[in-house]
1. Between ASP33 and SER146, what is 0.36 nm times their sequence separation minus the Cα-Cα distance? Round to one decimal in nm.
2. Of ASP91, ASP217, which has the most accessible area with a 1.4 Å probe, and how do the rest follow in descending order?
3. Given a cut-off of under 8 Å on Cα pairs at least six residues apart, what relative contact order in percent is computed for segment 95-243?
4. Amide H of LEU39 versus every other amide H placed in the peptide plane: which residues, excluding those fewer than 5 positions away on the same chain, fall under 5 Å?
5. Grab the beta carbon distance between LYS97 and ARG207, set R0 = 22 Å, and tell me the FRET efficiency rounded to 0.05.
6. Output wanted: per-residue J couplings in Hz (rounded whole) for segment 99-115, from phi through Karplus 6.51 cos²θ - 1.76 cosθ + 1.60, θ = phi - 60°, x for Gly and Pro.
7. Any chance you could run the full-extension gain for LEU128 through THR247? It's 0.36 nm times the residue separation minus the Cα-Cα distance, nm to one decimal.
8. Enumerate the amide H contacts of SER31 below 5 Å, restricted to partners 5 or more residues apart or on another chain; note that Pro and chain-start residues carry no placed amide H.
Amino acid sequence: MTMNPRPNPPTRSALPSAIVSATNLVKMYGSGDTLVCALDDVSVNFAAGTFTAIMGPSGSGKSTLMHCLAGLDRPTAGSVVVGNTRLENLDDNNLTKLRRDEIGFIFQSFNLLPTHTAKENILLPLKLAGRRADKALLEQLVTSLSLTRRMNHLPSQMSGGEQQRVAVARALISQPKVIFADEPTGALDSRNSTRLLEYLREASSVRGQTIIMVTHDATAAAFADRALVLADGHIIDDIADPARHLTAATVRTWDTRTPAAAPPLVATPTSGLPLPTGHETATTQPYAPRRWTGNATSDDAQPAARMNGAN
Ligand code: ADP
């Protein structure tokens, strides 16, 4: 089966300091008339301790890229390395273990367990991994995220900002090398957004954790060291110091870009399975991805938004 009819560019080998590295990633959804190429030969490295924003118009492939990098979804072709581990070599159990041990996730929808208190939610990843909590780190996280007086509250008894901070503490308690955040400020007011983004920046600059954050917001991206811009499943720009070089006006031009050259919108995926949160069907997108014109068929139409229980 031909996965990618386009000739591949020379493969960029991972930089020595790259902690996450993708090479020639292709991700296709659907089949036949509804085949969509969400990632079209993407190669990119993320250096350890950096904070990167992944940006681009709706439907450009941001979430798909994040899911493939984080081992939440398997690419159709290409390879992802996290630390020293090549993800395609892992079976599902070992992939789950890697996500649990090396990766933290922060989602827009928090994904807290409603019947667990804030403290139980925060400690859940450690419990699942059979690890003990580092009491000093727990104390530090809870204090710096201003959650001390909320530890025995259920999610329903907390504000959105508090719930998001619990989700951040849960992502950080296992001290993951890499933290993936999908529109983490989407449900927050500006004060809580700023607080969260400052915290993520500190996690990278002070604690050396690598942050990869999907966002459509130039203000959020300004906290990052780098902004990668996607369109039609390609990286079209790689902006250093987005606080200085990326404006809200530039971001608006991506969202209003006329899809004049784009093919007709593809139909709703035929897999019949629900799309994960935040995934829109192509029919509602202002900016359609290219239809796949190769002769490939895809049997992996569904990214299971797998979250290893806690994340
Ligand atoms: P973004 O995060 O930039 O909005 P996505 O990565 O969610 O973009 O989606 C990229 C393209 O892939 C879109 O056209 C989207 O409709 C399509 N897509 C995403 N997930 C699925 C799926 N499970 N089945 C079919 N198509 C999908």
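The values are calculated or read from the model by the stated rules, or taken from the named source; none is laboratory data. The structure presented is a predicted model; accordingly, all values stated were derived computationally and were not measured. Quick reminder, even Gly has a Cβ in these numbers, built from the backbone with ideal geometry, and neighbours come from all protein chains shown. To get the accessible areas, we keep the full protein, side chains included, count just its heavy atoms, and leave off ligands, DNA and RNA. Shrake-Rupley method; radii C 1.70, N 1.55, O 1.52, S 1.80 Å.
1. Details: separation 113, 0.36 × 113 = 40.68 nm, distance 5.09 nm.
Contour length minus the Cα-Cα distance gives 35.6 nm.
2. On the way: ASP91 80, ASP217 50 Å².
Correct descending sequence by accessible area is ASP91, ASP217.
3. Values: 210 pairs, mean separation 37.3, N = 149.
Result for segment 95-243 is 25 percent.
4. When sequence neighbours closer than 5 places are left aside, the close amide H contacts are LYS27.
5. Working: r = 23 Å, r/R0 = 1.02.
For LYS97 and ARG207, the calculated efficiency is 0.45.
6. Using θ = phi - 60°, the values come out as 4, 5, 8, 10, 10, x, 10, 10, 10, 4, 8, 6, 6, 8, 7, x, 8 Hz.
7. Working: separation 119, 0.36 × 119 = 42.84 nm, distance 4.17 nm.
So the chain would gain 38.7 nm between LEU128 and THR247.
8. Long-range HN contacts for SER31: THR270.
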